[in-house]
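In what follows, a structure is listed as structure tokens, so that the remarks can point back to it.
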Amino acid sequence: MNWQAVVSIYRFEMARFFRTLAQSFISPVLSTSLYFVVFGTAIGSRIAEVEGVSYGAFIVPGLIMLSVMTQALSNASFGIYFPKFIGTIFELLSAPVNFLEIVLGYVGAAATKALFIGVVILATSALFVDLSIAHPLAMILFLVLTCISFSLFGFIIGIWAKNFEQLQLIPLLVVTPLVFLGGAFYSIAMLPPVWQIITKFNPVVYLISGFRWSFFGVADVPIVTSLLAIGGFTALCLGAIWWIFKTGWRIRQ
């Protein structure tokens, strides 16, 4: 393993993040505050509690997941797409660096950025509502796994995309709606029986449910199912990336 190459890629990507540090942190803080104003105040005044948890606190895990998923996707996809766009990816591919080291560098940096944003949103949420974390180790595990898995997914999107429009297509038109429809701001138990069954085909449900369980000890699906879902998604992304580098799809073509 060429750790020097991994660290070099990681440091380069993190340097880009720290150059826009204020923007990177101010944006999620403002977004989180607006969500609390809109959902916490407007809807929270009509819904006092959900499964024994105040509505303002109940939406916190969903808010964190929404930001972490979108940030991991955008950072990882742009990180690998930009070298493709300017042509420097061929220098990387010709260097004595294998695909695993490239993935570790780019995905590691994207996951770290998303983790920072998740912590910032958690701290911001604590200013609005009283939070208690029932299972802190499980919370960290779900947060880290989500950062890694969606950074891997974003890496795939960055390789697939042929232009900047395609780069934003899946995060905006697929992932964000899935998060909103995946129980980020409500419990799927509040839905009619038919829609509860349909909603369980949404993979994001399992991530948000498991993450919410780590806070309040309540979940829409069994915690083991949530862990299997995120583990399977991570394995699927790793397999896809291995195939991409093996065949050179959208890299050497």
What list do you get for 214, 209, 31 if you sort them by fewest beta carbons within 10 Å?
31, 214, 209
Could you please rank 9, 47, 89, placing first whichever residue has the fewest other Cβ atoms within 10 Å of its Cβ?
47, 89, 9
Hey, with R₀ at 30 Å, roughly what FRET efficiency would residue 191 and residue 227 work out to, going by the Cβ-Cβ distance, to 0.05?
0.80
Lys, Arg +1 and Asp, Glu -1 on Cβ, resulting dipole of the chain about Cα centre, debye, nearest 20:
580 debye
Computed lengthening from residue 164 to residue 46, 0.36 nm per intervening residue step minus Cα-Cα distance:
38.4 nm
Give me the net charge of residue 85's neighbourhood, meaning all other residues with Cβ under 13 Å from the Cβ of residue 85; Lys, Arg count +1, Asp, Glu -1.
+2
Whole-Å distance, taken between Cα centres, linking segment 35-93 and segment 154-175:
16 Å
Give me D for segment 16-142 in µm² s⁻¹, whole number, from Stokes-Einstein with Rh from the Kirkwood sum over alpha-carbon pairs, 4 °C and 1.567 mPa s.
78 µm²/s
What ranking of 82, 201 emerges when the number of other C-beta atoms within 10 Å of each C-beta is taken as an exposure proxy, fewest first?
201, 82
Need the full-extension length gain, residue 18 to residue 30, defined as separation in residues times 0.36 nm minus the C-alpha distance. One decimal, nm.
2.5 nm
Rounded to 0.05, the calculated FRET efficiency for the beta carbons of residue 119 and residue 235 at R₀ = 35 Å is 0.85
Two decimals, Cα atoms only, Kirkwood Rh: what is Rg/Rh over segment 3-247?
0.99
Enter the angle in degrees (range 0 to 90, nearest 10) between the Cα long axis of helix 136-160 and the first principal axis of the Cα atoms of the chain, meaning the one along which they spread out most.
50 degrees
Only Cα pairs under 8 Å and at least 6 apart count here; give the relative contact order of the chain as a rounded whole percent.
26 percent
R0 = 30 Å: FRET efficiency of residue 200 with residue 135, Cβ-based, nearest 0.05?
0.85
Sorted by chain and then number, the residues having a modelled amide H within less than 5 Å of the amide H of residue 50, at least 5 places away or on another chain, are 55
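Coordinate-derived values only; no laboratory data. Model, not experiment: these values are computed from the prediction. As a convention, Cβ positions derive from the backbone with ideal geometry for all residues, glycine included, and neighbour counts pool all protein chains shown.
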